[in-house]
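Here is the structure we will look at.
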Amino acid sequence: NTPKIAIVGAGIAGLSCTKRLKDAGLDTVLFDKSRGPAGRMSTRRGDDWQCDHGAQYFTARDPAFRAEVARWQAAGVADLWQPRLAILGGAETREPDQGHERFVGVPRMTAPARHLADGLPLSAQTTIQTLHCGPDGWCLSSIEQGVLATRFDAILLAVPAPQAEPLLRVPAPRLAALAGRAVMRGSWALMLRYDAPLTLAFDAAFVNAGPLRWVARDNSKPGRGPQETWLLHASATWSEAHIEDSPEAVAAALLQAFIKLGAPAPQAWTAHRWRYADTEPALDNVCAWDADLRIGLCGDWLNGGKVEGAWQSGQRLAEQLMQSLAWPGNTSP
Ligand code: FAD
């Protein structure tokens, strides 16, 4: 009998894991509470504009992930981004990821996730609420559908630690404790639209003073349209201190800081609050697997806190599960 595996979370970690398992012949079902895949590799879309408001770019230091990115490039869903980059404010002059290539999804950040999800059995708009391990396997319930009829031989959670912890508390307290140790911080994002291109001397900048941490001209990324669109991210410290503020108050503060950098006021703005943006510090477990209970965890928070680490975490969890089930096909892609 082919084991049935449930994966919760269709971000890059859950997609990486599910694809690996499905390619090896396992029977997989992937659940996500959102309308589509991608998680924090996300893009907001309006009538005539779009803007990546989560992950901004990703690196590919690891050869296996670089090979995966090469496949995405060949499929036309990722490309190099070479912005005019500045470092502004404060004493820090070294740019993060210096010397490393920066990749983005094309024509938007969600594209690699959608590419991976193509052909995977994704049950969208399904918010998993409880996990129960019974004599005939794992039983799941969701907010939208109640108790699901299918029983699973293993369950893998690919969700941020604070969302994994309450699901794990009863059925897997050891893993719940691990998730409880990961501290995830929020981030405010502000998307700006302009009628004409700005005349700033940079397309993207790390900002080391004031409320901002990062600003980027979204339409300087490959494959975007002509609409002049900028993304501002507040620093983690500022975001955490202002996480309950109104979007209007946040927009006013971040716009003032952007105007100080030489930008004009925008024609329109949209604010987005990320409750769980990054993990500080990210754990270095890579993934977690309980062979007795047949439940596992993957995600960026277990492996460096970035897109690349999330993808690797999903791969490693798939390998551990296949090893534990003595399932053939446990080789690198
Ligand atoms: P996620 O992408 O969060 O996926 C988890 C999925 O689980 C989501 O789709 C969610 O809907 C789903 N889910 C949660 N709970 C449930 C439930 N109960 N039932 C069903 N589904 C559920 N990384 C970089 O490499 N470079 C960057 O420049 C960068 N900048 C960032 C900026 C911001 C503002 C943010 C928010 C993140 C940034 N990151 C960056 C981090 C990067 O986005 C993440 O590391 C990566 O996308 C995490 O992938 P994941 O699969 O682990 O989690």
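The values are calculated or read from the model by the stated rules, or taken from the named source; none is laboratory data. Every value quoted in this text rests on a predicted model; they were computed, and no experiment measured them. A quick note on method: Cβ atoms are made from the backbone with ideal geometry, for glycine too, and the neighbour counts reach across all protein chains shown. Note: accessible area is taken over every heavy atom of the protein model, side chains too, but ligands, DNA and RNA are not part of it. Shrake-Rupley method; radii C 1.70, N 1.55, O 1.52, S 1.80 Å.
Only lysine pairs 8 or more places apart, or on different chains, with alpha-carbon atoms under 28 angstrom apart are counted in segment 4-324, and they number 11.
Computed over protein heavy atoms with a 1.4 Å probe, the accessible surface of the chain works out to 44 Å² per residue. The portion of the accessible surface of segment 4-324 made up by carbon and sulfur, rounded to a whole percent, is 49 (1.4 Å probe; DNA, RNA and ligands excluded). Taking Cα atoms of the chain, Rg/Rh with Kirkwood Rh, to two decimals? That ratio is 0.98, to two decimals. Spacing of the modelled spin labels on Ile259 and Asn1, each 7 Å from Cα toward Cβ, amounts to 6.6 nm.
Straightening the chain between Asp292 and Gln267 buys 3.3 nm, computed as 0.36 nm per residue apart minus the Cα-Cα spacing. Which FRET efficiency, nearest 0.05, do Arg151 and Glu95 yield, Cβ-Cβ r, R0 41 Å? Computed FRET efficiency for Arg151 and Glu95: 0.25. Distance from a point 7 Å along Cα→Cβ of Glu248 to each backbone N in segment 26-59: keep the residues under 13 Å and list them by number. Within reach of a label on Glu248, which here means backbone N under 13 Å from a point 7 Å along Cα→Cβ, segment 26-59 contributes nothing. Here's the picture: charge each Lys and Arg Cβ at +1 and each Asp and Glu Cβ at -1 in the chain, and of Ala60, Gly137, Trp327 the one pushed furthest to the positive end of that dipole is Trp327. Calculated mean residue ellipticity at 222 nm for the chain: -8000 deg cm²/dmol, from DSSP H runs with n ≥ 4 weighted as -39500 (n - 2.57), summed, divided by the residue count and rounded to 500.
Here the spin labels are modelled as points 7 Å beyond Cα on the Cα-Cβ line, and at Asp195 and Gln227 they lie 1.7 nm apart. Between segment 146-201 and segment 296-318, the C-alpha centres lie 12 angstrom from each other.
Within segment 202-289, the GluC sites (Glu not before Pro) that combine a DSSP coil assignment with at most 11 other C-beta atoms in a 10 angstrom radius are Glu244.
Label point of Arg45 set 7 angstrom out along Cα-Cβ; within segment 74-105, amide nitrogens under 20 Å from it belong to 75-79, 104-105.
Spatial offset of segment 1-56 relative to segment 73-141 amounts to 8 Å, using the alpha carbon center of each.
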